[in-house]
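What follows is a single structure, written as structure tokens, with notes after it.
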Amino acid sequence: MEKFEVILCIITLLLTLTSYLFRRKKKGEACKRERLPPGSMGWPYIGETLQLYSQDPNVFFANKVKRYGEIYKTHLLGCACVMVASPEASRFVLVTQAHLFKPTYPASKENLIGKSAIFFHQGDYHTRLRKLVQSSLSPKALRALVASIEDIIASALNSLAGGHVITTFHEMKKLSFEVGILLIFGQLEAHHKEELKKNYTIVDRGYNSFPTKLPGSLYRKALLARNQLSKILNEIIYERKEKKSSQKDLLGSLLSSKDDKGEILSEGQIADNIIGVLFAAQDTTASAMTWILKYLYDDPQRLETVKAEQEVIYKANEVGNLHLTWAQTRNMPITHKVILESLRMASIISFTFREAVVDVEYNGYLIPKGWKIMPLFRNMHHNPQFFNDPQKFNLSRFEVAPKPNTFMPFGSGLHACPGNELAKLEMLILTHHLVTKFRWEVVGPQSGTQYGPFPVPLHGLPTKFWKESTTYRQHGRFLIKDAPPFSRT
Ligand code: HEM
């Protein structure tokens with residue numbers, strides 16, 4: 001063969017091979033695309049982010065479920081996502097195949113909380129932290145906190161009484177922050193608490209702001225305040241070590257923990273987890289407590305039913321002169337149902353995020369590696385197949401347990417909320433004090449929700465509070481019955 005013919009042969013062969021590989025790749029991609037869940041990816045880069053932000057997120061997700069079913073794809077905030085709204089798929093992601101998905105958060109949020117915080121991890125480090133956090137939130141640990149939590153709540157509510165307008169959500173945030181501090185540090189010196197509160201408030205404000213480091217931006221201020229928080233926490237840790245104190249609070253557990261190799265946690269890891277727990281505990285619980293106040297106010301009959309339950313305990317405790325006991329908080333069945341139904345109605349955590357670590361197959365659909373997957377708790381909580389007449393607050397629906405995996409206010413699986421019992425304890429004690437000692441009137445709009453990012457009644461629920469008269473209380477009567485009716489426009 002001539003030299004020229006050999007070269008021609010090689011070129012032809014190479015072209016055929018390239019074209020074959022190219023067609024195979026295209027076919028593979030087309031095949032992959034065909035196996036993706038139904039849905040629309042919107043515009044290049046921005047995807048469907050604008051649609052999400054220009055309407056009520058519930059309506060956005062609910063319309064998608066109506067159109068595409070309980071698993072669909074979309075593109076939000078620069079990420080390709082698969083949304084799932086069925087109990088089976090949520091369990092698949094969060095519980096049975098949780099190892100195929102990792103927790104994922106925007107870097108801007110990770111930087112503010114701290115990269116070593118429990119939420120961002122899997123494996124041994126996560127297991128170790130989880131044990132520590134759970135032990136500080138165990139029934140035994142919570143039992144020891146009941147009286148102090150009650151004191152915090154009683155003093156917070158007393159400070160609201162007087163008939164002036166307060167923003168319920170802000171006040172509930174102060175309250176849940178105090179409980180968070182109690183859980184983490186036990187009794188903390190006032191100057192440390194003030195400094196923590198001051199800097200934490202700045203971090204909190206920057207958390208949902210646009211993450212730019214430009215001078216003067218909320219995000220930059222938050223980063224600076226976050227550094228301050230680390231310094232304050234280091235001081236507290238130093239003082240504890242100096243005193244050789246062996247307190248049994250969360251900080252105590254974190255300080256005394258050693259892994260298999262005898263390694264202790266670094267001060268950075270401890271700080272990230274303390275700030276992480278404060279974050280996880282504050283707005284979530286405050287939002288839930290704000291909704292409870294609203295749902296009780298919305299229906300006088302409901303309020304009376306709860307009052308009747310709490311009044312028995314109040315009288316048994318010498319008209320509130322004795323502290324509530326752990327056993328009493330475990331035996332408030334009607335109030336407990338109010339809490340569950342409020343958590344369902346409000347669905348504080350509407351959804352969560354995970355990221356597929358490999359290509360995952362679910363029910364014939366492909367969830368490609370690197371895609372986000374979001375179990376939609378709210379859509380399940382508001383699905384009439386699982387909760388009859390879902391928009392209606394119905395106390396009796398929790399008389400029987402919900403169908404498995406349809407009710408996940410605290411998530412499920414390895415990352416499920418370790419603070420759920422503390423959150424419920426706060427809500428029970430708050431409700432006890434609220435209905436036995438106070439009356440309140442919601443002023444301003446009576447409906448509407450705002451997201452920041454958790455759902456809260458519009459404007460944080462502006463409300464007026466009054467203390468019930470002791471004379472009436474001593475006669476064992478509810479002042480609210482004798483008070484002039486409030487306008488409920
Ligand atoms: C009504 C109040 C609360 C609600 C609705 C709530 C909800 C949740 C949910 C849904 C998750 C799971 C997120 C996921 O799977 O991605 C979670 C995780 C978590 N929550 Fe809560 N939470 C509440 C209160 C609290 C409190 C009071 C604390 C602590 C004192 C707390 C600490 C945590 C922590 C540390 C995690 C991360 C667990 C892990 O990654 O292993 N939460 N919470």
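The values are calculated or read from the model by the stated rules, or taken from the named source; none is laboratory data. No experiment lies behind these values; they were computed from the predicted model shown. As a convention, Cβ positions derive from the backbone with ideal geometry for all residues, glycine included, and neighbour counts pool all protein chains shown.
Of all residues in the stretch 369-390, those that are touching an Asp or Glu at 6+ places or on another chain (Cβ under 8 Å), more than 16 Å from the ligand (Cβ to nearest atom) and under 20 Å from Thr96 (Cβ atoms) total 2.
Against the condition touching a helix residue (DSSP H, G or I) at 6+ places or on another chain (Cβ under 7 Å), surrounded by fewer than 16 Cβ atoms within 10 Å (Cβ to Cβ) and part of a helix (DSSP H, G or I), how does Ser135 come out, does it pass? For Ser135, the condition - touching a helix residue (DSSP H, G or I) at 6+ places or on another chain (Cβ under 7 Å), surrounded by fewer than 16 Cβ atoms within 10 Å (Cβ to Cβ) and part of a helix (DSSP H, G or I) - is met.
Here Val93, Val82 are screened, and the one residue that is modelled with pLDDT of 95 or more, within 10 Å of the ligand (Cβ to nearest atom) and either part of a loop (DSSP other than H, G, I, E, B) or under 16 Å from Pro375 (Cβ atoms) (or both) is Val93.
Evaluating Lys424 against the criteria (1) out of contact with any Asp or Glu (no Cβ under 9 Å at 6 or more places or on another chain); (2) over 28 Å from Leu145 (Cβ atoms) leaves one unmet condition, (2).
A quick yes/no check of all residues on (1) in contact with a strand residue (DSSP E or B) (Cβ under 8 Å, 6 or more places away or on another chain); (2) under 30 Å from His433 (Cα atoms); (3) free of Cβ contacts under 8 Å to residues at least 60 places away in the same chain:
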{"residue": "Tyr68", "(1), (2), (3)": "yes, no, yes"}
{"residue": "Ala85", "(1), (2), (3)": "yes, no, no"}
{"residue": "Val95", "(1), (2), (3)": "no, no, no"}
{"residue": "Tyr105", "(1), (2), (3)": "no, no, no"}
{"residue": "His121", "(1), (2), (3)": "yes, no, yes"}
{"residue": "Leu132", "(1), (2), (3)": "no, no, no"}
{"residue": "Ala141", "(1), (2), (3)": "no, yes, no"}
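The residues of the stretch 104-116 that are under 22 Å from Ala356 (Cβ atoms) and at pLDDT 95 or above amount to a single one, Lys115. Checking the stretch 326-344 against the condition returns a match, with at least one residue being within 27 Å of Lys403 (Cα to Cα), acidic (Asp, Glu) and part of a helix (DSSP H, G or I). Scanning the stretch 183-208 for residues that are surrounded by fewer than 20 Cβ atoms within 10 Å (Cβ to Cβ) and either touching a Ser or Thr at 6+ places or on another chain (Cβ under 7 Å) or closer than 18 Å to Leu251 by Cβ (or both) yields a count of 11.
Looking only at the stretch 254-274, residues that are closer than 16 Å to Ser116 by Cα and surrounded by 11 or more Cβ atoms within 10 Å (Cβ to Cβ) come to 14 in all.
Surrounded by 23 or more Cβ atoms within 10 Å (Cβ to Cβ) and either within 13 Å of the ligand (Cβ to nearest atom) or not small (Gly, Ala, Ser) (or both), is that true of Thr290? Yes. Against the list (1) assigned to a loop (DSSP other than H, G, I, E, B); (2) more than 16 Å from the ligand (Cβ to nearest atom), the condition Ile348 fails is (2). When the stretch 174-233 is limited to residues that are in contact (Cβ under 8 Å) with a residue 40 or more places away in the chain, polar (S, T, N, Q) and part of a helix (DSSP H, G or I), the one that is farthest from the ligand (Cβ to nearest atom) turns out to be Ser230. Condition check: within 12 Å of the ligand (Cβ to nearest atom), touching a residue at least 40 places away in the same chain (Cβ under 8 Å) and part of a helix (DSSP H, G or I). Does Met408 satisfy that? No, not satisfied. Flag: Thr285 matches the condition of being closer than 28 Å to Val442 by Cα, of a type in the set (Val, Ile, Thr) and in contact with a Ser or Thr (Cβ under 7 Å, 6 or more places away or on another chain). With respect to the conditions (1) more than 14 Å from the ligand (Cβ to nearest atom); (2) over 30 Å from Leu322 (Cα atoms); (3) not polar (S, T, N, Q), Leu157 falls short on a single one, namely (2).
May I ask you to list the residues in the stretch 439-489 that are among the aromatic types (Phe, Trp, Tyr), at pLDDT below 50 and not in a loop (DSSP other than H, G, I, E, B)? Once the filter is applied, which keeps residues that are among the aromatic types (Phe, Trp, Tyr), at pLDDT below 50 and not in a loop (DSSP other than H, G, I, E, B), the stretch 439-489 yields only Tyr472.
Within the stretch 34-57, residues that are in a helix (DSSP H, G or I) sit with their Cβ atoms under 8 Å from residues that are hydroxyl-bearing (Ser, Thr, Tyr), at 6+ positions apart or across chains, in these pairs: Arg35/Tyr365; Pro57/Ser350; Pro57/Tyr451.
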